[in-house]
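Chemist: Dropping the structure in here first, questions after.
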Amino acid sequence: MLTQGSIERNLVEVRQRVEQAAVRSNRDPRTVRLLAVSKTQPHTCLEAAYQVGQRAFAENRVQEWLEKVAYLPNDCEWHLIGRLQTNKVKYLDSRISLIHSLDRFSLLETLNEQGERRGIIWNTLVQVNIARDSAKAGLMPEEVSDFLNSVVDYPNVHVQGFMTIGALEASPMETQGFFRQLRALRDSLYSQKWPGVDLYQLSMGMSRDFEQAIEEGATLVRVGHQIFGDRG
Ligand SMILES: *Cc1c(COP(=O)(O)O)cnc(C)c1O
């Protein structure tokens, strides 16, 4: 577990790298949001990041999120990453601002059903398995258009864009290629107007590759160990 000072220093450094990557690719740095991936970290580490202005956090387990959210001030913004089991949806609420891992019909159905019952519209990203990695979740790129067609029938689920995870085995150049493909997929579907769908967001890039992701158009980068140190 890192000290408050180290988390502070790491955050300052990552923020600088985010900004430099944006500037290098002729983008307004304000169009890239840094999400601090705080999974497995104790709430004290999130509080340390909060002290230096971090507000957007990403967690991957519903139970863990519920435990931590109680400790943090209520102006935090919570993102859910990682596979979401349908039987966990009932524990979510409107404090979750974005679900990054909409990756199958059954989850779409459950989210809509729970949203309808409780008066919540879920903001989501469709997770795309752009690397066609059999170990990874996500729709295949060619499935995405049909999936978005059906989102229209589920009014309590909105889609704001796409999320992907680079393949673990890929070289930096391959990874950059995957990010570029996701951006191209987004651009090819952007002009189609589906109600409840706006494909502005691209959630891609983690500690090892967030700069490449920004060069390829990421609007949300998910950085964990570069901020909080290794996960126990
Ligand atoms: C854990 C995780 C991250 C952060 O990974 P780091 O390598 O620690 O930056 C980002 N995205 C997803 C989906 C994750 O599960």
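The values are calculated or read from the model by the stated rules, or taken from the named source; none is laboratory data. A quick note: this is a predicted structure, and the numbers were derived from the prediction, not measured. Because the Cβ atoms are built from the backbone with ideal geometry, glycine has one as well, and the counts that use them run over all protein chains shown.
Chemist: If you go through the range 48-62 one residue at a time, do you hit one that is more than 16 Å from the ligand (Cβ to nearest atom) and among the acidic types (D, E)?
Modeler: no
Chemist: Another one. Of the residues F162, F179, which is in a strand (DSSP E or B) and in contact with a helix residue (DSSP H, G or I) (Cβ under 9 Å, 6 or more places away or on another chain)?
Modeler: When all the criteria are applied, what remains is F162.
Chemist: Here is a further query. Which one is nearest to the ligand (Cβ to nearest atom), of the residues in the range 206-219 that are of a type outside the set (V, I, T) and touching a Leu at 6+ places or on another chain (Cβ under 6 Å)?
Modeler: So, considering only residues that are of a type outside the set (V, I, T) and touching a Leu at 6+ places or on another chain (Cβ under 6 Å), the one nearest to the ligand (Cβ to nearest atom) is A218.
Chemist: Report, ordered by the first and then the second residue, all pairs with beta carbons closer than 9 Å, sequence separation of six or more or different chains, a first member in the range 1-17 that is farther than 9 Å from I227 by Cβ, and a second member that is among the hydroxyl-bearing types (S, T, Y) and surrounded by fewer than 17 Cβ atoms within 10 Å (Cβ to Cβ).
Modeler: Pairs that qualify, where the first residue is farther than 9 Å from I227 by Cβ and the partner is among the hydroxyl-bearing types (S, T, Y) and surrounded by fewer than 17 Cβ atoms within 10 Å (Cβ to Cβ), are M1/T44; Q4/T44.
Chemist: What about R208, is it among the charged types (D, E, K, R) and at negative phi?
Modeler: Yes.
Chemist: Give just the number: which of (1) under 24 Å from N129 (Cβ atoms); (2) touching a strand residue (DSSP E or B) at 6+ places or on another chain (Cβ under 9 Å); (3) within 16 Å of the ligand (Cβ to nearest atom) does W78 not satisfy?
Modeler: (1)
Chemist: Sticking with this one: Can you run down the residue pairs with Cβ atoms below 6 Å, 6 or more apart or on separate chains, where the first is in the range 206-232 and among the polar types (S, T, N, Q) and the partner is outside any loop (DSSP other than H, G, I, E, B) and near the ligand (Cβ under 9 Å from one of its atoms)?
Modeler: If the second residue must be outside any loop (DSSP other than H, G, I, E, B) and near the ligand (Cβ under 9 Å from one of its atoms), the pairs left are S207/V223; S207/H225; S207/Q226.
Chemist: Within the range 182-204, how many residues are of a type in the set (A, V, I, L, M, F, W, C), more than 15 Å from the ligand (Cβ to nearest atom) and not in a loop (DSSP other than H, G, I, E, B)?
Modeler: Matching residues across the range 182-204 total 5.
Chemist: Out of (1) closer than 17 Å to S101 by Cβ; (2) within 15 Å of the ligand (Cβ to nearest atom); (3) outside any helix (DSSP H, G or I), the odd one out for Y154 is which?
Modeler: The failed condition is (2).
Chemist: For R95, only one of the following conditions fails: (1) within 14 Å of the ligand (Cβ to nearest atom); (2) touching a residue at least 24 places away in the same chain (Cβ under 8 Å); (3) under 30 Å from N129 (Cβ atoms). What is its number?
Modeler: Just one mismatch for R95, condition (1).
Chemist: Just one of the numbered conditions (1) out of contact with any Asp or Glu (no Cβ under 6 Å at 6 or more places or on another chain); (2) surrounded by fewer than 20 Cβ atoms within 10 Å (Cβ to Cβ) is not true of A137; which one?
Modeler: Only one criterion in (1) out of contact with any Asp or Glu (no Cβ under 6 Å at 6 or more places or on another chain); (2) surrounded by fewer than 20 Cβ atoms within 10 Å (Cβ to Cβ) is unmet by A137, namely (1).
Chemist: Then there is this: Count, please, the residues in the range 41-60 that happen to be aromatic (F, W, Y) and more than 21 Å from Y91 (Cβ to Cβ).
Modeler: 1
Chemist: Separate question: Taking the range 13-43 as the region of interest, how many residues are surrounded by 12 or more Cβ atoms within 10 Å (Cβ to Cβ) and assigned to a helix (DSSP H, G or I)?
Modeler: Final tally of qualifying residues: 13.
Chemist: Inspect all residues belonging to the range 153-166 and state whether any of them is crowded, with 18+ Cβ neighbours inside 10 Å, of a type in the set (A, V, I, L, M) and under 24 Å from Q20 (Cα atoms).
Modeler: Yes, the range 153-166 contains a residue that is crowded, with 18+ Cβ neighbours inside 10 Å, of a type in the set (A, V, I, L, M) and under 24 Å from Q20 (Cα atoms).
Chemist: Right, next: Sort through V69, V37 and tell me the only one that's farther than 24 Å from A21 by Cβ, within 18 Å of the chain's Cα centre (by Cα) and modelled with pLDDT of 95 or more.
Modeler: The conditions single out V69.
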